[in-house]
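The values are calculated or read from the model by the stated rules, or taken from the named source; none is laboratory data. Everything quoted here is computed from the prediction, not taken from an experiment. Counting neighbours? That spans all protein chains shown, and the Cβs are built from the backbone with ideal geometry, glycine included. Ligands, DNA and RNA are stripped out before the accessible areas are found, and what is left, the full protein with its side chains, is counted by its heavy atoms. Shrake-Rupley method; radii C 1.70, N 1.55, O 1.52, S 1.80 Å.
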Amino acid sequence: MDAFFASIEQRDRPELWGRPVAVGHPTASRSVVAAASYEARTYGVKSAMPMARAKRLCPHLLVVRPDMARYRAVSAKLRAILLEYTEAIEPLSMDECYMDVTTDLKGIGSATWVAQELRERVRDELGLTASAGVSSLKFVAKLASDENKPDGLCVVVPERVLEYIHPLPVERLWGVG
């Protein structure tokens, strides 16, 4: 999902639409950014960043308290949609997962087409955007899912995996820190 918590806030609160938003505690001295809208990201605001730093980078940042119950409810709706396509889902968090669509429950016939249909359903049914990476390897699919955010799709066919990974900086390699 793209900026999941912040996107839900923007979807549900029209006054936040198109504005730099961070989800976190606005007054806590040691608060961190749980999620940042793409408008906030243009100022360098990122998830897990200290809120004080985020406010320095973006003085007009709108900080919204998290509503975890609402985010869990949206996550449950998302998961119900995903389970219509495959039972082979490996959650990474409330808003992110790996899906193996080898067993294609809808008979779509292509992982790329599944990803496209899922993104459309998420947009239509949840009012949110999702980005997807499609590859024969989980590691590469995860990298690809970040490629065209927000609302993007990146497909890396098996013959192009090394060509895709080779030029990436080490910071892009998921799990390497």
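N148 versus (1) surrounded by fewer than 18 Cβ atoms within 10 Å (Cβ to Cβ); (2) more than 18 Å from F4 (Cα to Cα); (3) polar (S, T, N, Q); (4) touching a strand residue (DSSP E or B) at 6+ places or on another chain (Cβ under 7 Å): which is the lone unmet condition?
(2)
How about segment 74-93: which of its residues are assigned to a loop (DSSP other than H, G, I, E, B) and either among the basic types (K, R) or farther than 17 Å from D124 by Cβ (or both)? Don't jump to the end; show me each part of the working.
In the first step, residues of segment 74-93 are kept if they are assigned to a loop (DSSP other than H, G, I, E, B); the result is 83-88.
The answer is L83, T86, E87, A88.
If you check R65 against the conditions, is it under 26 Å from E9 (Cβ atoms) and open to solvent by 30 Å² or more (accessible area, probe 1.4 Å)?
yes
Counting only residues that are open to solvent by 70 Å² or more (accessible area, probe 1.4 Å) and of a type in the set (D, E, K, R), which one in segment 1-35 is nearest to R121 (Cα to Cα)?
Within segment 1-35, the match that is nearest to R121 (Cα to Cα) is R11.
Checking the conditions here, which among L128, L92 is aliphatic (A, V, I, L, M), surrounded by 15 or more Cβ atoms within 10 Å (Cβ to Cβ) and within 16 Å of the chain's Cα centre (by Cα)?
L128
Open to solvent by 20 Å² or more (accessible area, probe 1.4 Å) and touching a Leu at 6+ places or on another chain (Cβ under 8 Å): does that describe Y38?
no
What about Y71, is it in a loop (DSSP other than H, G, I, E, B) and either crowded, with 18+ Cβ neighbours inside 10 Å or touching a helix residue (DSSP H, G or I) at 6+ places or on another chain (Cβ under 9 Å) (or both)? Don't jump to the end; show me each part of the working.
Values: in a loop (DSSP other than H, G, I, E, B): no; either crowded, with 18+ Cβ neighbours inside 10 Å or touching a helix residue (DSSP H, G or I) at 6+ places or on another chain (Cβ under 9 Å) (or both): yes.
Taking the combined requirement at face value, the residue does not satisfy it.
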